[in-house]
1. Which whole-angstrom value gives the distance between the alpha carbon centres of the range 98-124 and the range 243-318?
2. From the phi of every residue in the range 296-304, what ³J(HN,Hα) in whole Hz does the Karplus formula 6.51 cos²θ - 1.76 cosθ + 1.60 yield, where θ is phi - 60° and glycine or proline is x?
3. With everything on Cα atoms, drop me the angle between helix 180-197 and the longest principal axis of the chain, reported from 0 to 90° to the nearest 10.
4. So if I place +1 on the C-beta of Lys and Arg and -1 on the C-beta of Asp and Glu, and nothing else carries charge, what would the dipole magnitude of the range 251-310 be about its Cα centre? I want it in debye, nearest 20.
5. Starting from the Cα gyration tensor of the range 1-140, multiply each eigenvalue by 5, take the square root, and state the resulting semi-axes largest first in whole Å.
6. Just to confirm the number: angle between the C-alpha axis of helix 202-220 and the first principal axis of the chain, 0 to 90 degrees, nearest 10?
7. Rounded to the nearest 10 Å², what accessible area does Tyr237 show when all protein chains are kept and the probe is 1.4 Å?
8. Once you have a ≥ b ≥ c as the square roots of the Cα gyration tensor eigenvalues for the chain, tell me rounded if a/c is under 1.5, and otherwise prolate or oblate according to whether a/b is larger than b/c.
Amino acid sequence: MTSNQVASNSQEIHYLSLEPRYIFVDLPEALREDPFTIGIIRKLLDFLTVYKDYRIVYDEEYVPNAANVITFNPIINGDRKSLEVAYFNRTSDFKHLDRSYLIEPTTALHSTMAVMLDDLLDAFKIDIAKPVIAKQVSELPDNQAALHHIMESLGHGLLAEYAESIKSVRKAYEIEPDNHLIASDRYIFELSSIFVTQASASKAKVEKLNQEMKSQLMSMEAAPDSYRVYDALAAYYLTLDEPLKARGYLDKIPNHHYSMFSTVIYAKIEESLGNPASAEEYYYETIRESGSPAVLDLARKLFFHSNLKDIEAKIQSN
């Protein structure tokens, strides 16, 4: 999407209806074949929304009035792949960022992602010190191959390609098993895959996964290097039917550091405690975190089956 196209889309919306808290993320269709790049984009947006309560929107059919548009466009030149990142503000009709970053082959993806985040924050006029950004990005694995695989795994997961997601996160785990983000993601992704693709055998499969990873999950609790450790611990205790203990771990996560999985677990906890209204509010937050109502298909199957037809009906009616 060009800046002119972005501007023309904004002209269909009344100027005063533009919502400055919303960011429409424009992704070319070709990216569906590139889970590695999708993983980088999603992680970058997760980092960005820590500092301000932006809502990420991937489908303008549901939210057509985003004042901010970020476009990501991969460019391949021989064996080099770059990611073009542009930020356009529909309120001022001005492009605040238009840069290209080398993402493959590289031995510095870790630092490249820090630079990308710093540039986006500057473009959005959010002043964050570089040491703070470096600390946030430090949860990513140092090993370049492990980082590639964990980004690829995240991308596959977002595309609902669960088998491929598991393969990638296991490759990352083989390289850097002590990294807290990788270990937590491995547990979360494998647990999700069991409930979604192996429901009939889920009890035995979950017990086996818990036996395998319990020791490591408990060892990370004292000093986690990533808030995803609390997601994993909450999920672990919810599989043991201990919702209050699960909620205790989620409550340790600062508000803007929630993941999509955090809010799904909160919703499931509220359901298990007989609080359907609170559960629905968390499912709504899950849609906001993921950027699309498609996440409900995953959410309904995790831990136990949830009837989300009323929520889906409300989405369709609007």
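1. About 32 Å separates the Cα centre of the range 98-124 from the one of the range 243-318.
2. Result, rounded to whole Hz: 4, 5, 6, 4, 5, 9, 6, 6, 7.
3. Helix 180-197 sits roughly 70 degrees off the main axis of the chain.
4. Values: 6 positive and 9 negative charges, 40 e Å.
Charge dipole of the range 251-310: 200 debye, to the nearest 20.
5. Working: eigenvalues 126, 69, 32 Å².
Over the Cα atoms of the range 1-140, the ellipsoid semi-axes are 25, 19, 13 Å.
6. Computed tilt is about 70 degrees.
7. Near enough 30 Å² of accessible area.
8. Working: a/c = 1.78, a/b = 1.26, b/c = 1.41.
Taking the square roots of the gyration eigenvalues as a ≥ b ≥ c, the chain is oblate.
The values are calculated or read from the model by the stated rules, or taken from the named source; none is laboratory data. Predicted, not measured: the structure shown is a model, and the values here were computed from it. No Cβ is skipped: glycine too gets one built from the backbone with ideal geometry, and neighbour counts run over all protein chains shown. Remember, those area values only see protein heavy atoms, side chains included, never the ligands or the DNA or RNA. Shrake-Rupley method; radii C 1.70, N 1.55, O 1.52, S 1.80 Å.
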